[in-house]
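To start, the structure under review is shown below, and the notes come after it.
Every read-out reported here was derived from the displayed coordinates using simple, explicitly stated rules and does not represent laboratory data. Please read these numbers as outputs of a predicted model, since none were measured by experiment. All Cβ positions, even for glycine, are placed from backbone atoms using ideal geometry, and neighbour counts span all protein chains on display.
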Amino acid sequence: MLRMRFLFLVLALLLAPVMDANAAMTHVSILHRHGARSEPLFPNMGLRDATQLTPNGEIMMLNLGKLLRATYGTFITSYDPAMYDTFSEYFDNCIQSAHGVLRAFFNKGSQFLPIVRHVPSETDWLLGFNHNFPNVYARPQWFFAYWNNDALARGILSTNDIEMLSNEFGSWCAEKPMQCALFAADALQSRISEKSLPQQLQTLFQEKLLPIVYGWNKHTYGFNSEDPYVVIGSPAYTLAAKVLHDAEVGEKKFCHYSVHDSTILGLLNALGAIQLGDTNPRWLPRFGSVLAVTTYSNGNVSFTYAEPQQEAGSSLDYVSGLLPITVRCKTFEGAEYMASTCPLNDVWRYVNRSRPTVADPFCYLRPEDGCDVLETVPSEHCQYYRKYCPIGACGPNAGLDASRNYTCFSFFRRRFTKDYTLASIVAGVCGGAVGLIVGFLISLLLQKTEEKEVRRRRFVQMGTGETNA
């Protein structure tokens with residue numbers, strides 16, 4: 001029986017491309033990394049990215065638009081906001097890339113104003129994950145654990161490697177080799193697309209810096225089922241769920257996302273295309289990388305992927321076009337398999353393995369994270385957390401005072417303080433009233449005493465007058 005099921009499964013996988021060739025497209029979602037951009041001037045620690053698209057980056061995006069037009073031009077023939085939705089991260093290089101793709105996808109001579117949706121990076125929990133998630137930002141000790149692991153970097157990089165990086169990027173590389181390696185990999189990506197690299201740097205980039213970056217991306221954006229925070233699910237689950245929901249209901253024919261590398265690799269991990277235990281180069285999608293998710297009328301969904309040429313002096317084009325990429329799917333019986341085309345329900349079943357199991361995965365923290373300390377000004381990280389997760393941020397029987405740097409206060413202590421203050425005020429008022437009454441009585445007594453003294457003096461004077469007479 002199991003053998004027959006296996007044969008049916010293999011047969012279904014072999015026939016899927018043939019079946020989809022006869023099925024009509026119903027929805028397409030594409031996610032692409034921005035094109036080549038200027039070299040960063042400082043290590044990127046999360047919410048900032050001041051780099052701009054370079055001329056070669058613009059060429060990449062125009063080439064991507066042409067590729068999409070050649071692939072999907074008959075599915076969607078003209079730009080129509082009712083049919084085509086564009087989302088971008090809130091960074092110049094992503095927004096510029098989105099416009100470049102749109103210009104080439106649709107006739108660049110046509111007069112249209114594309115709509116590119118974006119939200120501030122601090123609250124972009126769909127595309128900009130996960131350094132900006134409140135409960136991740138509140139745990140810098142976890143987020144930067146790999147970033148600060150200099151022992152690991154020294155185990156990969158030789159003394160000569162670190163010296164080479166120091167000569168290229170500064171003497172600080174000798175003190176912080178891990179941060180330097182991650183920064184160097186980021187910077188060298190840009191240099192490769194703008195000019196030729198010395199062979200030694202090229203070799204160092206390919207053989208050592210890229211594996212270091214893979215490790216950082218796995219730590220930060222990968223789904224780890226053994227992590228204590230597994231309950232918050234995959235960082236990319238919300239995005240994966242949106243892509244699959246759009247594939248299912250398809251309110252618009254085409255969804256277009258212009259993002260950073262972390263968004264693409266996070267989604268690839270949620271889909272099972274890359275795993276924590278492998279060294280797949282897609283753990284760092286290069287400039288212009290694109291993932292396409294295509295839905296068909298027969299209920300199947302296919303996955304394709306492409307990267308343009310990266311080197312300066314090349315055509316910067318997608319010479320191989322969009323090629324199938326395998327993801328993991330899961331049958332109703334629970335059997336996992338890998339394929340580039342699967343029934344949509346099978347994709348859902350696999351993706352749901354990384355679904356959050358807590359009500360608010362962006363705000364979930366454990367007590368040991370220490371972001372609910374009362375009556376003290378919190379750290380910058382906890383202030384950020386409390387700002388975006390105010391409900392329950394201070395624990396039971398406590399409240400949040402945004403006017404005091406998001407300080408948590410105890411309801412009991414504040415109530416006691418209010419009662420004490422009220423008692424003091426009442427006592428003061430009562431004391432003042434009593435003082436006024438006593439003062440009034442003393443004044444009245446003195447007045448009566450003075451009147452008696454006046455009468456006595458008059459009586460004495462009258463008596464004296466009578467004697468003299």
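Observations
- Residue count for region 62-95, restricted to those that are in a helix (DSSP H, G or I), closer than 18 Å to V293 by Cα and under 24 Å from the mean Cα position of the chain (by Cα): 0
- Matching residues, region 274-319, being in a loop (DSSP other than H, G, I, E, B), within 28 Å of the chain's Cα centre (by Cα) and over 24 Å from G65 (Cβ atoms): I274, Q275, L276, G277, D278, T279, N280
- Within region 293-307, one or more residues are aromatic (F, W, Y) and in contact with a helix residue (DSSP H, G or I) (Cβ under 7 Å, 6 or more places away or on another chain).
- Count of residues meeting criterion [in a loop (DSSP other than H, G, I, E, B) and either among the polar types (S, T, N, Q) or within 19 Å of the chain's Cα centre (by Cα) (or both)] in region 243-273: 2
- Candidate set from region 183-236 (those that are in a loop (DSSP other than H, G, I, E, B) and among the hydrophobic types (A, V, I, L, M, F, W, C)); member that is surrounded by the most Cβ atoms within 10 Å (Cβ to Cβ): A236
- Subset of region 342-387 that is in a loop (DSSP other than H, G, I, E, B) and hydroxyl-bearing (S, T, Y) - its residue that is farthest from the chain's Cα centre (by Cα): T376
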